[in-house]
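The values are calculated or read from the model by the stated rules, or taken from the named source; none is laboratory data. Here the structure is a predicted model, which means the values were calculated and not measured. Cβ placement follows ideal geometry from the backbone for every residue including glycine, while neighbour counts extend to all protein chains displayed. Accessible surface areas use protein heavy atoms only, side chains included; no ligands, DNA or RNA. Shrake-Rupley method; radii C 1.70, N 1.55, O 1.52, S 1.80 Å.
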Amino acid sequence: MAARNRLPPWHDEVRLANGREILIRPIRPDDALPVRAGFSLLQPETLRHRFLREMSELTPEMAQRLTRSDPKTTFVLVAGENLPAGEAVIGAIARVHAPAGSGEGEFAILVGQYLAGMGVGRQLMLRLVRWARGKRLERLYGDVPEENEPMLALAGSVGFRREGDPRDGLVRMVLDLDSAGQA
């Protein structure tokens, strides 16, 4: 591959099961408006699974925090059309937040219905795990609503295990990074 055809770090073009091509890349500040616009396309159930409450919009402040997070402690990826940032429709977002010195990171993934069931969540999860390993975190975890069977199955397929009994309808999924095989 010629040097001019290489993508920047953490940028991957992915062909989905239906033949559609998407770009997975780190979020950028100019993604704030497309992220807010895409939020309105999400089903209420999808939002409840991710935010654990009813939400009708992503506020400008929330979008700014998401698109301008500290790269030392937070890694955010988006998946969507292969267009310039600020122009692409964003269909999925994945995030790991790892407070400095904690040795662990909390993941969250949100996949819109237009990309659901096509392997996008798995693609994003594998990249979050790779980033966490690169940061030498000891574990990665996420609290998943117990009725969100697709996310529980996805996390289990990547090596996460359930930790403890469900609390308040949430299942903690944990991946011990130092002892886990490479996903």
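Residues in region 62-82 that are of a type in the set (D, E, K, R), open to solvent by 70 Å² or more (accessible area, probe 1.4 Å) and in a loop (DSSP other than H, G, I, E, B): R68, D70, K72. Pull up region 1-44, narrow it to residues that are under 20 Å from F107 (Cβ atoms) and modelled with pLDDT under 75, then point me to the one that is surrounded by the most Cβ atoms within 10 Å (Cβ to Cβ). Restricting to residues being under 20 Å from F107 (Cβ atoms) and modelled with pLDDT under 75, the top hit is G38. The single residue among A85, A92 that is open to solvent by less than 70 Å² (accessible area, probe 1.4 Å), closer than 20 Å to R127 by Cβ, modelled with pLDDT under 90 and assigned to a loop (DSSP other than H, G, I, E, B) turns out to be A85.
Considering only residues that are open to solvent by 50 Å² or more (accessible area, probe 1.4 Å) and at pLDDT 95 or above, look in region 100-121 and name the one that is nearest to N18 (Cα to Cα). Before the answer, list the steps.
First pass over region 100-121, keeping only residues open to solvent by 50 Å² or more (accessible area, probe 1.4 Å): 100-102, 104, 106, 113-114, 116-117.
Right, trim to at pLDDT 95 or above and you get 104, 106.
On the way: E104: 35, E106: 30 Å.
Top of the filtered list is E106.
Pairing each residue of region 153-176 that is under 17 Å from V129 (Cβ atoms) with any residue that is open to solvent by 40 Å² or more (accessible area, probe 1.4 Å) and aliphatic (A, V, I, L, M), provided the two are 6+ apart or on different chains, yields C-beta distances under 7 Å for V158/L126; V158/A183; G159/A183. Applying the condition of being part of a strand (DSSP E or B) and open to solvent by 20 Å² or more (accessible area, probe 1.4 Å) to region 122-148 and asking which residue is modelled with the lowest pLDDT yields D143.
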